1. Output the number of residues of region 113-147 satisfying the condition of being out of contact with any strand residue (DSSP E or B) (no Cβ under 6 Å at 6 or more places or on another chain) and either within 19 Å of residue 31 (Cα to Cα) or surrounded by 10 or more Cβ atoms within 10 Å (Cβ to Cβ) (or both).
2. I need the full set of residues from region 41-81 which are part of a helix (DSSP H, G or I) and in contact with a strand residue (DSSP E or B) (Cβ under 6 Å, 6 or more places away or on another chain), in order please.
3. Give the number of residues within region 82-109 that are touching a helix residue (DSSP H, G or I) at 6+ places or on another chain (Cβ under 7 Å), within 23 Å of residue 19 (Cβ to Cβ) and assigned to a helix (DSSP H, G or I).
4. Filter region 113-140 down to residues that are more than 26 Å from residue 91 (Cα to Cα) and either touching a residue at least 60 places away in the same chain (Cβ under 8 Å) or not in a loop (DSSP other than H, G, I, E, B) (or both) and give me whichever is farthest from the chain's Cα centre (by Cα).
5. Restricting the search to region 5-40, which residues are surrounded by 15 or more Cβ atoms within 10 Å (Cβ to Cβ), without any contact (Cβ under 8 Å) to a residue 40 or more places away in the chain and in a loop (DSSP other than H, G, I, E, B)?
6. Those residues that are crowded, with 16+ Cβ neighbours inside 10 Å and within 15 Å of the chain's Cα centre (by Cα), I need them from region 92-112; list them, please.
7. Can you pull out every residue in region 58-67 that is without any contact (Cβ under 8 Å) to a residue 60 or more places away in the chain and crowded, with 16+ Cβ neighbours inside 10 Å?
8. Exactly one condition in (1) at pLDDT 95 or above; (2) surrounded by 14 or more Cβ atoms within 10 Å (Cβ to Cβ) is false for residue 83; which is it?
C-alpha cells in the first residue's frame, strides 16, 4: 500500500507553502530550478537575474521568502555580495548557494556568511530536493541507507 507523502514545499498539515526566491543569471538554470520547486508546491514569489536585481526586489517585496536559491557567479553583484546584503535585510532567510566552485576558500566564504547549504553545479532534481529536505527537516525526502 502506497503511503501519502506531503509535497516538500508544504509546511506541515496546514495549507501553507514555503515562499522561495531564485537569484540566477542563467535563464535555463532558473527555469530548471523553478520547475523542480513548483513540482513540490513551493510558492515562487521572486525571481532575479543578479544580486542587484535581487536586493531591489527583496526590499520592495510585500512578502519575504523563507528560502533563497542563489548563484555565486553573476554580473553586477555576485552571490556572495548579495547574501551579505540579504542577511542585513532578514537574517532568518534560509539561503542555498549554487556554485561550480569546489575550492575550499569559496565554500568557507559562503559558510561564514551563514548560508544554510550549497549545491555544486551541475545539479539535478534529487540534489535540490535533498538539500531543501535537510534545511526544512523533512527526513522523508532523504535517502534511506541500509546498514
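The values are calculated or read from the model by the stated rules, or taken from the named source; none is laboratory data. Note that the coordinates shown come from a computational prediction; the quantities given were computed from them, not determined experimentally. Here the Cβ is made from the backbone with ideal geometry for all residues, glycine too, and neighbour counts use every protein chain on show.
1. Filtering region 113-147 for residues out of contact with any strand residue (DSSP E or B) (no Cβ under 6 Å at 6 or more places or on another chain) gives 113-114, 120, 122-126, 128-130, 132-134, 136-147.
Within this subset, residues satisfying the condition of being either within 19 Å of residue 31 (Cα to Cα) or surrounded by 10 or more Cβ atoms within 10 Å (Cβ to Cβ) (or both) are 113-114, 120, 122-126, 128-130, 132-134, 136, 138, 140-142.
Summing the residues that are out of contact with any strand residue (DSSP E or B) (no Cβ under 6 Å at 6 or more places or on another chain) and either within 19 Å of residue 31 (Cα to Cα) or surrounded by 10 or more Cβ atoms within 10 Å (Cβ to Cβ) (or both) in region 113-147 gives 19.
2. Correct list: 54, 57, 79.
3. Number of matching residues: 4.
4. The extreme case among them is 140.
5. The one that is surrounded by 15 or more Cβ atoms within 10 Å (Cβ to Cβ), without any contact (Cβ under 8 Å) to a residue 40 or more places away in the chain and in a loop (DSSP other than H, G, I, E, B): 9.
6. Scanning region 92-112 gives 93, 94, 95, 96, 97, 98, 99, 110.
7. So the first thing to find is which residues in region 58-67 are without any contact (Cβ under 8 Å) to a residue 60 or more places away in the chain, and the list is 58-66.
Passing the criteria: 58, 64, 65, 66.
8. Only one criterion in (1) at pLDDT 95 or above; (2) surrounded by 14 or more Cβ atoms within 10 Å (Cβ to Cβ) is unmet by residue 83, namely (1).
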